[in-house]
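The values are calculated or read from the model by the stated rules, or taken from the named source; none is laboratory data. Every value quoted in this text rests on a predicted model; they were computed, and no experiment measured them. With ideal geometry, Cβ positions are generated from the backbone for all residues, glycine too; neighbour counts draw on all protein chains shown.
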């Protein structure tokens, strides 16, 4: 996996476990919080329970690496062993063994946070993680292909499936290549993760 130009050893310790094969990116470090080495994380989900499900947060650099913070000579860790975490506003704040002070916390700004998918808590019946829905094929009640889930949009009231139409030409605009379906019981008949298929009450001309 590309490390944005950094040496592969620059962000890993000798005793760190390997990067999980089922790692899911769940958030990004956006800065320090307080003066005792806590970090602030912006989760990618409105419900950050995945961040609270594991005490091991794996790190990767941002796509746009920035210069190292002055006064921080030690290499950045590839793993954080979380000692405390809690929700703070619309984000999450956390402390880790590897972050001794605010300078070290500031140096981590922009790093991407990954959690092993196997550590996620089991969702309640009828609930799904967005990472499990991306890539599923969506068909309507007539068996007609509506598209592949490429993203989920959070409107506040509910989530919306963003599909790529199966007949979308290369280079087409979003209005021509995408289809949006509210992810609510009124339109979604069935979600079969094993079969990687969603059945929706939705017409091809919608």
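Can you find a residue that is surrounded by fewer than 12 Cβ atoms within 10 Å (Cβ to Cβ) and over 30 Å from residue 38 (Cβ atoms) anywhere in region 146-159? Yes. Taking each residue of region 158-177 that is modelled with pLDDT of 85 or more and looking for partners that are assigned to a loop (DSSP other than H, G, I, E, B) and surrounded by fewer than 16 Cβ atoms within 10 Å (Cβ to Cβ) with beta-carbon atoms closer than 8 Å, six or more apart or interchain, yields 158/184; 176/169; 177/169. Close Cβ contacts (under 6 Å, 6 or more residues apart or on different chains) running from residues in region 102-129 that are touching a residue at least 40 places away in the same chain (Cβ under 8 Å) to residues that are in a helix (DSSP H, G or I) and crowded, with 20+ Cβ neighbours inside 10 Å comprise 115/50; 120/50.
Look at (1) in a strand (DSSP E or B); (2) free of Cβ contacts under 8 Å to residues at least 40 places away in the same chain and you find that residue 139 fails only one, number (2).
Please indicate, with yes or no, whether at least one residue in region 69-81 is modelled with pLDDT of 95 or more and exposed (fewer than 15 other Cβ atoms within 10 Å of the Cβ). Scanning region 69-81 turns up at least one residue that is modelled with pLDDT of 95 or more and exposed (fewer than 15 other Cβ atoms within 10 Å of the Cβ). Out of the residues in region 101-115 meeting the condition of being in a helix (DSSP H, G or I) and out of contact with any strand residue (DSSP E or B) (no Cβ under 6 Å at 6 or more places or on another chain), tell me which one is farthest from residue 28 (Cα to Cα). Ranking the candidates gives 103 first. Return a yes/no flag: does region 48-64 have any residue that is in contact with a helix residue (DSSP H, G or I) (Cβ under 6 Å, 6 or more places away or on another chain) and modelled with pLDDT of 70 or more. Within region 48-64, one or more residues are in contact with a helix residue (DSSP H, G or I) (Cβ under 6 Å, 6 or more places away or on another chain) and modelled with pLDDT of 70 or more.
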